[in-house]
Amino acid sequence: MAVCEECGSHQLEIAVLEGVELERCGLCDHLQGNPQAIARLDERREAEELGYSPIVYPLVKALELVPTFHVTAASPGRVETNEFPFVFLRVAQDGLRDVERLLTSLEMANQSTRRRWVVECTLQRGLLFILRPRFWKPILEIDNNDIREARYDFKILADILSRDVKLSWWRS
């Protein structure tokens, strides 16, 4: 008979979450089973608690691995309002070198992404950096396919950035 890894209860029941069969404890609500599926569910919950879409949250986490970066807003984009995907980023005074490193990382990532990603800068109560895909058409012509392709890129960008911030060229 299976036992809850968290509390030792025998009140385990099968739960299918996001298409994956897991065991849920009826006493403490702990999930056990496929570790990757549980990690995805935990990340989804964390994203929602912080007010981010689970689609963009891995990239938010990767950017915030850099101590001089602070994500102020992020969106996977919305076709109905012609909103392209974006991440708004505040950078500490001593963080311009990290912006340069981010741009280097983006150049490498753009070889694997479906859209070319850029960083733009604007003035909104101080400098605000915007990481977004470049669309070579007017905003009103952005369609479902454009948004879908840009959303696909979030994981690629998150993986590459998470890797790069640990490498010696980033830290030097």
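What follows is calculated from the coordinates using simple rules that are stated; it is not laboratory data. These numbers were taken from a predicted model, which means no experiment stands behind them. Counting neighbours? That spans all protein chains shown, and the Cβs are built from the backbone with ideal geometry, glycine included.
What residue among Lys61, Lys137, Lys155 shows peak mean-square fluctuation when the chain is described by a Gaussian network model with Cα springs under 10 Å?
With Cα springs under 10 Å in the chain, the top fluctuation among Lys61, Lys137, Lys155 is at Lys137.
Go through the cysteines of the chain and tell me which have no other cysteine Cβ under 4.7 Å away.
Isolated Cys, the chain: Cys121.
Kindly identify the range 66-142 as rounded, prolate or oblate by the Cα gyration tensor criterion: order the square roots of the eigenvalues as a ≥ b ≥ c, call it rounded if a/c is under 1.5, otherwise compare a/b with b/c, prolate if a/b is larger, else oblate.
Judged from the Cα gyration tensor, the range 66-142 comes out oblate (a/c at least 1.5, b/c at or above a/b).
If you take Kirkwood radius over Cα pairs in Å from the coordinates, which of (i) 17.3; (ii) 18.1; (iii) 16.5 do you get?
It is the value labelled (ii).
Return Arg151, Arg45 ranked ascending by Cβ neighbour count within 10 Å, so the fewest neighbours appear first.
Fewest-to-most Cβ neighbours within 10 Å comes out as Arg45, Arg151.
Okay, which of the range 52-67 sit inside 13 Å, backbone N to the point 7 Å along the Cα-Cβ direction of Arg97?
Answer for this model: 67.
Within the set of other residues whose C-beta is less than 9 Å from the C-beta of Tyr152, count the net charge using Lys and Arg as +1 and Asp and Glu as -1.
+3
Per residue of the range 148-165, in order, report the coupling 6.51 cos²θ - 1.76 cosθ + 1.60 (Karplus, θ = phi - 60°) as ³J(HN,Hα) in whole Hz, putting x for Gly and Pro.
Once θ is set to phi - 60°, the couplings for the range 148-165 become 4, 5, 5, 5, 4, 6, 3, 5, 4, 4, 4, 5, 5, 5, 4, 5, 5, 5 Hz.
How far, in degrees from 0 to 90, does helix 35-50 lean away from the longest principal axis of the Cα atoms of the chain, to the nearest 10?
60
Quick one: among Val87, Val66, Val16, which has the greatest mean-square fluctuation in a GNM of the chain with alpha-carbon springs under 10 angstrom?
Result for the chain, Cα springs under 10 Å: Val16 fluctuates most.
Please compute the net charge surrounding Glu43, taking Lys and Arg as +1 and Asp and Glu as -1 over other residues with Cβ under 12 Å from its Cβ.
0
Taking only Cα atoms and a 10 Å spring cutoff, compute GNM fluctuations for the chain and point out the largest among Ile55, Ile130, Ile14.
Ile14
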